[in-house]
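Read through the structure below, which is laid out as structure tokens, and then see the notes.
The values are calculated or read from the model by the stated rules, or taken from the named source; none is laboratory data. Just so it is clear, the model here is predicted, and its values are computed rather than measured. Positions of Cβ are generated from backbone atoms using ideal geometry, with glycine treated the same way; all protein chains shown enter the neighbour counts.
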Amino acid sequence: MLIGETIAVAFSSIRANKLRAALTMLGVIIGVAAVITVVAMGSGAQKAVQDKINALGANLITINPGMGRGVGGAATQDRAAMHVADADSLKTEAATLVAVVPELSRNQQVVYLNSNINTSIVGTTANYVSAHNYTITNGRNFTDGDDAARERYAVIGSDVPKLLNANPTALIGQTIAIRQIPFEIIGVLSSKGSTGFQNPDEQILIPLSTARFRVFGNDLLRSISVIVRDGTPLEQGMVDIERVLRKQHKIRPGQDDNFQIRSPKDFLATQQQTAQTFSTLLLSIAAVSLIVGGIGIMNIMLVSVTERTKEIGIRKALGATKLTIMLQFLVEALVLCISGGTLGIIIGVAASIFVSKQYGTTTVISLVAIFSSFAFSGLVGLFFGLWPAKRAAGLDPIQALRYE
């Protein structure tokens, strides 16, 4: 029998049992759809993490107060403090840094007309905006001169207007009260997005000297953000920071640092690892679903061989070879798996788009995953269809003709 006729007979057999064929393909459809969706969600999660790293700044390092410990490892104080003097020493002594941004921060009540909110007030320098990759979408930023003059200016995060029930543009030039001290809003920051620990879009920036002398009354820093010079490895910058601050804090050899040095990658590494673990787990489940679908196809094909034993005997009596019979059943298995794979791809892409739009998560549809899933579904059909095909081809024609 010609190959074309063999393929036509295989398709005819599938059409004769449409419902059984559809149920047989279900496992492959679910498996492929799951693979496409999981890979899209995993790739989207990794892209979101990378975007956050880029948004925070690739060369940005954050220094936080840490636990003070002695030579024996015992804590010497509950929490070591950092002061503006620490930032000043980094500016003058750390050669690998191009920007040093001290940050005073407290949560304070903010009043605007009839709105009253409690949010983070950050006293910092003018280069905070550029160091953290912000832009000013409305108005302007305060300057070093404003800082030196202790001006009562405020630059608000992109979510603050919504919290104050006001229009961002209309807020420029308006007055808000921070701890009952009036501040003029001069600018609005671009959106950064939540990092999972806090929402920087809800903070309000004021000049460092104003915060230090007029609002907080001290110079205890929440953190110091620094920018490492382009071309300088982050690790080298961290060593430089450690050298300067150990000297500033008079930490003797053998004692642990009483400060913590972190890069954005450190903050987000756990999130990325969790996303990868989650994706791997779901991908494994999807692969198992594909294999289970393949086993289902093999079972149905074995049943089909039993049901069509007499038909096989007639075809062999009319001159069909073992290769022809095997090819027919292999084609049936391949058609079932490839059809299921195609439907699975369509459903998986649709599910990825739905998840992205419905839940606002980032999904990246991978062409590699689509082609790999399609090829894998074909391999599943070939692998699990081989045994039924060999069994059909190996039937004795005389016994097959007698089968009832």
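A quick yes/no check of all residues on (1) within 20 Å of residue 108 (Cα to Cα); (2) of a type outside the set (D, E, K, R); (3) in contact with a His (Cβ under 7 Å, 6 or more places away or on another chain); (4) surrounded by fewer than 19 Cβ atoms within 10 Å (Cβ to Cβ):
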{"residue": "138", "(1), (2), (3), (4)": "no, yes, no, no"}
{"residue": "145", "(1), (2), (3), (4)": "no, yes, no, yes"}
{"residue": "148", "(1), (2), (3), (4)": "no, yes, no, yes"}
{"residue": "157", "(1), (2), (3), (4)": "yes, yes, no, no"}
{"residue": "160", "(1), (2), (3), (4)": "yes, yes, no, no"}
{"residue": "163", "(1), (2), (3), (4)": "yes, yes, no, yes"}
{"residue": "171", "(1), (2), (3), (4)": "yes, yes, no, no"}
{"residue": "175", "(1), (2), (3), (4)": "yes, yes, no, yes"}
{"residue": "178", "(1), (2), (3), (4)": "yes, yes, no, no"}
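Regarding region 83-95, can at least one residue be identified that is at pLDDT 70 or above, of a type in the set (Val, Ile, Thr), assigned to a strand (DSSP E or B) and not assigned by TED's automatic domain parsing to the domain that holds residue 207?
no
Sort out which residues of region 337-385 are within 16 Å of the chain's Cα centre (by Cα), more than 13 Å from residue 35 (Cβ to Cβ) and surrounded by 15 or more Cβ atoms within 10 Å (Cβ to Cβ), and write them in order of number.
Within region 337-385, 355, 356, 362, 363, 364 meet the criteria.
Tell me the residue from 136, 176, 181 that is touching a Ser or Thr at 6+ places or on another chain (Cβ under 8 Å) and among the aliphatic types (A, V, I, L, M), please.
Details: 176 fails: touching a Ser or Thr at 6+ places or on another chain (Cβ under 8 Å); 181 fails: touching a Ser or Thr at 6+ places or on another chain (Cβ under 8 Å).
Every option except 136 fails the conditions.
Does residue 198 satisfy the condition of being within 19 Å of residue 112 (Cβ to Cβ), assigned by TED's automatic domain parsing to the domain that holds residue 124 and out of contact with any Cys (no Cβ under 6 Å at 6 or more places or on another chain)? Can you show your working first?
Values: within 19 Å of residue 112 (Cβ to Cβ): no; assigned by TED's automatic domain parsing to the domain that holds residue 124: yes; out of contact with any Cys (no Cβ under 6 Å at 6 or more places or on another chain): yes.
The answer is no for residue 198.
In the list 379, 330, which residue meets the criterion of being under 20 Å from residue 13 (Cβ atoms) and out of contact with any Phe, Trp or Tyr (no Cβ under 8 Å at 6 or more places or on another chain)?
Numbers: 379 fails: under 20 Å from residue 13 (Cβ atoms).
Exactly one residue qualifies, and that residue is 330.
When only residues in region 208-251 that are assigned to a loop (DSSP other than H, G, I, E, B) and in contact with a helix residue (DSSP H, G or I) (Cβ under 9 Å, 6 or more places away or on another chain) count, which is surrounded by the fewest Cβ atoms within 10 Å (Cβ to Cβ)? Break it down stepwise before answering.
Residues of region 208-251 assigned to a loop (DSSP other than H, G, I, E, B): 216-219, 221-222, 229-233, 249-251.
Going one step further and asking which of them are in contact with a helix residue (DSSP H, G or I) (Cβ under 9 Å, 6 or more places away or on another chain), we end up with 218-219, 221, 229, 232, 249, 251.
On the way: 218: 13, 219: 20, 221: 24, 229: 15, 232: 15, 249: 18, 251: 18.
Among those residues, the one meeting the criterion is 218.
Would you check if there is a residue in region 158-171 being assigned by TED's automatic domain parsing to the domain that holds residue 193 and in a strand (DSSP E or B)?
Taking region 158-171 first, the residues assigned by TED's automatic domain parsing to the domain that holds residue 193 are 158-171.
Restricting the remaining residues to those that are in a strand (DSSP E or B) gives none.
No, there is no match, as no residue in region 158-171 is assigned by TED's automatic domain parsing to the domain that holds residue 193 and in a strand (DSSP E or B).
Anything in region 141-157 that is assigned to a loop (DSSP other than H, G, I, E, B), in contact with a helix residue (DSSP H, G or I) (Cβ under 7 Å, 6 or more places away or on another chain) and closer than 19 Å to residue 130 by Cα? List them, or say none. Before the answer, list the steps.
Filtering region 141-157 down to residues assigned to a loop (DSSP other than H, G, I, E, B) leaves 141-143, 149-152, 157.
With in contact with a helix residue (DSSP H, G or I) (Cβ under 7 Å, 6 or more places away or on another chain) added as a condition, the list becomes 141, 150-152, 157.
Listed by number, the residues that qualify are 141, 157.
So residue 312 clears everything in (1) surrounded by fewer than 21 Cβ atoms within 10 Å (Cβ to Cβ); (2) over 50 Å from the mean Cα position of the chain (by Cα) except one condition, right? Which one?
(1)
Go through region 94-119 and report how many residues are touching a helix residue (DSSP H, G or I) at 6+ places or on another chain (Cβ under 6 Å), within 17 Å of residue 261 (Cα to Cα) and not aliphatic (A, V, I, L, M).
2
Among the candidates 336, 367, 379, single out the residue that is assigned by TED's automatic domain parsing to the domain that holds residue 34, in contact with a Gly (Cβ under 7 Å, 6 or more places away or on another chain) and at pLDDT 80 or above.
Numbers: 367 fails: in contact with a Gly (Cβ under 7 Å, 6 or more places away or on another chain); 379 fails: in contact with a Gly (Cβ under 7 Å, 6 or more places away or on another chain).
Testing whether each residue is assigned by TED's automatic domain parsing to the domain that holds residue 34, in contact with a Gly (Cβ under 7 Å, 6 or more places away or on another chain) and at pLDDT 80 or above leaves just 336.
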